[in-house]
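Contents: one structure, followed by commentary.
Quick note: the coordinates plus some simple rules give every number you see, no bench work behind them. None of the values given here were measured: they were computed from a predicted structure. As a convention, Cβ positions derive from the backbone with ideal geometry for all residues, glycine included, and neighbour counts pool all protein chains shown.
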Amino acid sequence: MLLSQVTEMLPVVLVHGGAGQIPKERSQMSTSGVCSAARSGYLVLQGGGSSMDAVVEAVTQLENNPSFNAGCGSVLNITGEVEMDAIVMDGKTLASGAVSAVRNIANPVQLARLVMEKTSHACLTAEGASKFARSMGVPEVPQESLITDYSRMRWKKNLVPDANPVECQMGKMGTVGAVAVDAEGNVACATSTGGMLNKMEGRVGDTPCIGSGGYADNLVGAVSTTGHGETIMKVTLARLILFHMEQGQSAEAASDLGLAYMKSRVGGIGGVVTVDPKGNWAPRFSSLQMAWAAAQNDTLHYGLYTGEHFTQAIDDPH
């Protein structure tokens, strides 16, 4: 009996579109974006793909969606340019790949996977990452193709001397990420971001750092994080949550403990998506909103505000 229950849990893909405060007129785009990404990742799992295939597919979809702060739609740094970070991690072997401060790449998450699979390194940055991308035949895209009018408007707004950085972050649709468990019980995570609005050139946040932007271990689970990078790094949020799971906490309780510690210790607000190897999952956040969606057992689950949890059949187009 127990075995069939476990089988029913697997597989699952769970995605987030960033923690923050999303303006009303953009929240619908955010919700439909995460739902569509979760569906795509789930199709990969249904087709026999691995959890790594599923999270990369889901995050690629979000990078290609201009509603999110990753890939096309990334926020601009102080000089008005796009610099992006991404990470992937495979729970089976603890293999990981990351890129930071990359510029002319449409899908940093795919480049991060290539770092994991084709090099002996865990992270490549800036020009070195670009050279590696060229050597792998990854096409370069013009920077303009990654910049939206919305990003440019917010960048300009934040340049004025009396700009309130907190207010300017309000329209922030944050970092995107995904976690998954496949039919074999392997877990994986992927996270991708354009970083912080009007950041210094060369600033790297939590996203490409193992244990902060994400972590995956078949023995415990997988986490992808979003929020204020500098505070996430101080508490290595992803690994902290998995530590609580190692102590016997559920995905949901462990996520809440990690987020509460980050808030009380360093005043950080954020959000996470967490899975355990059996396919139990939890989207949790301390911000006002976090668009999230999960696909499991042919059902799509999604929400935006705390306590919100809608469901529909996976093949329902609405």
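Structure notes:
- Pairs spanning more than 21 Å between alpha-carbon atoms, out of 118/199; 24/157; 156/199; 92/278: 118/199.
- Relative contact order of the chain: 25 percent, from C-alpha pairs under 8 Å at least 6 residues apart in sequence.
- For residue 230, net neighbour charge (Lys/Arg +1, Asp/Glu -1) across residues whose Cβ lies under 12 Å away: +2
- Remark: the Cα gyration tensor places segment 28-98 in the oblate category, a/c being 1.5 or greater and a/b not exceeding b/c.
- Assigned charges on the beta-carbon of Lys, Arg, Asp, Glu; segment 21-226 dipole about Cα centre (debye): 340 debye
- Long-range amide H partners of residue 291 with built H, under 5 Å: 17, 18
- Cβ crowding within 10 Å averaged over residues, with 57-65, 190-198, 43-51 ranked highest first: 190-198, 57-65, 43-51
- Relative to the longest principal axis of the Cα atoms of the chain, the long axis of helix 237-246 makes an angle of roughly 10 degrees.
- For residue 224, the residues whose amide H sits under 5 Å from its own are 273, ignoring neighbours fewer than 5 places away on the same chain, with H placed 1.01 Å from N.
- Each residue of segment 31-36 was assigned a 3J(HN,Hα) from its phi angle through the Karplus curve 6.51 cos²θ - 1.76 cosθ + 1.60 (θ = phi - 60°); the sequence is 5, 5, x, 6, 4, 5 Hz, with glycine and proline shown as x.
- Of the GluC sites (Glu not before Pro) in segment 230-318, those whose Cβ has at most 16 other Cβ within 10 Å and which sit in DSSP loop: 308
- The fewest-to-most ranking of 182, 315 by surrounding Cβ atoms within 10 Å reads 315, 182.
- Per-residue [θ]222 nm for the chain (sum of -39500 (n - 2.57) over DSSP H runs n ≥ 4, rounded to 500): -11000 deg cm²/dmol
- 0 to 90° range, to nearest 10: angle between helix 51-63 axis and the chain longest Cα axis: 30 degrees
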